[in-house]
Structure formats: C-alpha cells, structure tokens
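Chemist: Before I ask anything, let me first share the structure, which is written out below as structure tokens.
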Amino acid sequence: MKRDRSEFYNGITDNSHVYFAKMSIKSLNYSGYTVSEWLSLHDTHTTIVATLLCVLMNTRSMSHSDDENLFPLHISAQDVWILTSQALLHTLPDLSREIKFIRDNCRAVFDAPPMNLPYTLCRGTSEVPFVSMSFQGTAADALCVAHEFGHALQLHLARGRFIPPVLREIAAFVAEKVLLDLVQKEKPELFAPLYAAWQQDNTIYFGSDAELLKDALRSPEGPYIYRLNYPLARYFADEIHANPTQFDLESVFRGNLSLSECLSRMQSQIRAASMNNYLPEVPEAEKDRPAINAYRSLGMMALLDIDYWQGESEKSIEEYYSARLAHMQVQTAFVVIGNERKPIGYAMWETDKIDKNVIHLKRQAAPFGDHLYLQKKLQTLFPENAKIYSHHTRSARREQVAW
Ligand SMILES: [Zn+2]
C-alpha cells in the first residue's frame with residue numbers, strides 16, 4: 001500500500017518531463033529512446049554508471065519509516081511553496097530575483113483531482129512554468145511541492161534550453177533537501193514527518209529504481225524509461241547538497257552542470273566508496289614463460305568479467321576465450337594491475353584500418369571503480385592524439401566517443 005503510494009508519487013511527478021524529454025530528444029535527431037541513447041544524452045556510458053550504481057546500492061541506507069509521512073501536516077500547499085522559496089533564497093541569494101519571480105508568478109494549482117499526475121509544465125520562453133498537483137496535506141505531498149518548485153525554477157532559468165532529465169531531477173531533489181534544512185531550523189515540528197517521507201522515497205529510488213537501472217544497463221539497447229533518472233539524480237542531489245564547496249549549486253538550477261562533471265568531481269568519493277577489490281594478488285610476469293603469462297591474463301579478464309556488466313559473462317566459454325586470445329595475439333588487450341598487485345580492469349580494442357589514430361574500444365571493464373586509472377594506462381598505449389570510441393556490446397550500429 002505504502003509502496004504503491006510512493007511509486008505513484010514518484011511516477012507521476014515527472015510524466016510531463018517524459019513528454020518534454022521526448023520532444024527535445026526528437027528535436028536533437030534522436031530516434032527511438034534506448035538506454036544507450038539516454039546515456040549518450042548525458043554524455044556518459046554504461047561502465048561509469050554501472051560503477052556508480054554499485055556504489056549507491058552498497059552505501060545508501062534505506063530505513064523504512066512508519067506511516068508518519070501519511071499523516072496531515074497542518075500546513076497548506078501555499079505555505080510549503082513559500083517555505084521552499086525562503087529555503088532557496090537562503091541557499092542561493094544570487095538567484096533571489098528568479099526565485100521570487102517563481103514564488104509570485106508561477107501558476108501553481110494544488111487542488112488538481114487526486115488521480116491526476118503532478119507535473120511542472122514548461123510553456124515556452126515567454127510564459128511562466130505551470131505546476132499542477134493534488135495536495136492532500138501529507139509530508140510526501142509537501143516534498144512534492146518543493147520538488148515541483150525546483151523544477152519550475154530550473155525551467156525558468158533555462159529559458160527554453162534543453163536540460164537532460166537526470167539534471168532536471170537533481171534540481172528538484174536539491175529543492176527538497178533545502179526545504180528539509182530550513183524546516184529543521186525554523187519549523188522543527190515538521191521535520192520528523194518530512195524527513196520520514198524523504199527516507200521513504202529513498203527506499204524506492206535506491207531500491208526498485210536502482211534495480212531497474214541495473215537491469216537496463218545490462219541491455220543498453222532496451223527501452224529507456226523515465227524512472228532510470230531517479231537513482232542517479234537522487235544520489236547526486238544528496239552529494240551536491242552535502243558538498244556545497246565542491247559544487248556550484250547555482251549552476252545546477254541554471255542547468256549548466258553536466259553529469260560528466262558531477263562524475264569527475266566525485267571520482268575520489270566514488271573510488272573510496274566502491275566495492276573493495278576482492279580478487280587475489282597476481283604474481284609478477286614470468287620472463288621466459290609467455291604462455292603462462294597469457295593464461296594468467298585470460299584468467300584475470302574472466303575474473304574481472306564475472307558477474308559484471310554488458311553481457312560478457314553470459315557468452316559461451318569458447319566465444320569468450322577466442323575473442324580474448326585473438327586480441328592478445330595482436331597485442332590489443334591490456335590488463336591493468338593496481339598497487340596491491342591485484343587486477344583492477346582490462347580493455348580490448350581495435351585500431352581503425354584506415355586511420356591509425358582512431359581506436360575502437362571493444363571492451364572496458366573496471367568493476368571496482370578504477371575507470372579513470374584504466375583510461376590513463378590505456379592512453380599511454382595509444383597514439384598521442386588518438387580518438388577513442390567505445391563500442392556497445394549489444395549493438396553493432398552505434399559507437400560513441402569514449403572519453
Ligand atoms: Zn521531478
């Protein structure tokens with residue numbers, strides 16, 4: 001029952017965004033909406049997102065709250081709207097003009113029929129965004145008001161510019177977080193139920209939504225659905241909010257922060273929080289026994305691929321072995337050994353037949369969060385100005401720039 005309500009709340013919040021995301025994707029000549037297109041839209045790729053997902057699924061605690069968040073709060077939607085504006089004004093004084101503008105001019109309908117989906121509508125550059133939701137007075141509804149305020153403010157600041165969906169959701173989730181901050185200080189009686197509702201939502205974002213994303217990453221050519229945005233956006237909203245010196249909050253609302261920027265600024269946290277490398281140490285390569293070294297490398301690749309992503313572990317042993325052997329014979333496979341003499345990742349590639357400076361990566365695996373280290377090592381093997389393209393395992397038709 002509770003779960004349904006949360007899903008309902010989460011699902012409906014962004015129905016309008018699905019529509020607008022599609023509109024914008026179409027206008028950018030994206031046809032169809034696959035997971036890999038969604039990743040490309042955010043300038044990222046499966047391996048990075050898979051690692052981040054491991055981190056967030058391993059580190060985000062999900063405490064189930066009681067039904068506190070379903071009780072009425074004795075506060076009106078309009079009051080929550082004003083409180084959210086105060087919270088944002090306090091956090092983002094340089095955007096005070098825009099925040100006040102949205103507070104006073106955004107048409108927000110809070111008594112939409114309960115079955116209607118909440119949404120924030122962009123009405124073009126000359127019109128103010130429009131918010132619609134059914135406010136029943138619960139803590140979850142109050143968070144939804146803040147969430148939609150965040151969307152409205154970002155849409156207003158973007159002035160019609162397309163903002164990828166994860167970045168839209170980051171702004172909306174940050175607005176929820178700043179409301180929680182303000183309430184904790186100035187309306188402490190509201191804090192416990194609001195915080196419980198926020199935690200309850202986390203059980204969905206970092207639970208079933210994260211599972212959805214995990215499955216989606218295994219089939220990058222499968223369909224994109226809007227919920228895939230939530231785990232990443234929720235995670236980044238928390239991190240951005242918790243590390244104000246590291247991130248420019250204003251750029252979040254202006255839609256200027258890119259997902260790859262978020263990822264690169266958080267490399268150290270991601271690395272620190274990623275799974276420990278449980279693989280055994282490997283002995284030094286043996287000078288006179290190249291066959292042994294080669295088999296060891298194959299074994300390391302297999303260990304790195306076990307239970308990893310992108311379908312490699314589902315291939316037949318013969319197919320798997322012959323592909324790696326072929327790469328090793330022409331020296332286009334490389335296993336990176338970390339400081340503790342444990343394998344941390346590997347890659348296989350092909351050099352373009354026409355242009356030697358173009359490298360097509362066929363496989364990159366770094367299951368313990370060492371992608372950047374792997375990339376650095378690889379760069380030393382490639383021509384200085386090489387253009388690196390990654391290959392989608394399950395699609396022969398698309399390549400994207402790898403880094
Ligand atoms: Zn949203």
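Chemist: Is at least one residue of segment 139-153 assigned by TED's automatic domain parsing to the domain that holds residue 104 and surrounded by fewer than 19 Cβ atoms within 10 Å (Cβ to Cβ)?
Modeler: No, segment 139-153 contains no residue that is assigned by TED's automatic domain parsing to the domain that holds residue 104 and surrounded by fewer than 19 Cβ atoms within 10 Å (Cβ to Cβ).
Chemist: Can I ask one more? Quickly run through segment 323-340 and pick out the residues that are exposed (fewer than 12 other Cβ atoms within 10 Å of the Cβ) and more than 20 Å from residue 382 (Cα to Cα).
Modeler: Selection gives 339, 340.
Chemist: Which residues, taken from segment 158-180, are away from the ligand (no atom under 12 Å from the Cβ) and either in contact with an Asp or Glu (Cβ under 6 Å, 6 or more places away or on another chain) or at pLDDT 95 or above (or both)?
Modeler: Of the residues in segment 158-180, the ones away from the ligand (no atom under 12 Å from the Cβ) are 158-162, 164, 177-180.
Across segment 158-180, the qualifying residues are 177, 178, 179, 180.
Chemist: Given (1) at pLDDT below 80; (2) outside any helix (DSSP H, G or I); (3) in contact with a helix residue (DSSP H, G or I) (Cβ under 6 Å, 6 or more places away or on another chain), where does residue 285 come up short, assuming only one miss?
Modeler: Here residue 285 clears every test but (1).
Chemist: List the residue pairs whose Cβ atoms are under 8 Å apart, where the first residue sits in segment 107-130 and is surrounded by 13 or more Cβ atoms within 10 Å (Cβ to Cβ), the second is charged (D, E, K, R) and part of a loop (DSSP other than H, G, I, E, B), and the two are 6 or more positions apart or on different chains.
Modeler: Going by the 8 Å Cβ cut-off, the qualifying pairs are 119/14; 129/123; 130/123.
Chemist: For segment 179-199: of the residues being touching a helix residue (DSSP H, G or I) at 6+ places or on another chain (Cβ under 7 Å) and surrounded by fewer than 17 Cβ atoms within 10 Å (Cβ to Cβ), which is nearest to residue 151 (Cα to Cα)?
Modeler: Looking at the filtered set, the residue picked out is 181.
Chemist: Let me ask something else about it. Considering every residue within segment 296-307, establish whether at least one is part of a loop (DSSP other than H, G, I, E, B), within 30 Å of residue 41 (Cα to Cα) and modelled with pLDDT under 80.
Modeler: Yes, the conditions are met somewhere in segment 296-307.
The values are calculated or read from the model by the stated rules, or taken from the named source; none is laboratory data. Fair warning: this is a prediction, and the values are worked out from it, not measured in the lab. Please note: Cβ atoms are built from the backbone with ideal geometry, for glycine as well, and neighbour counts cover all protein chains shown.
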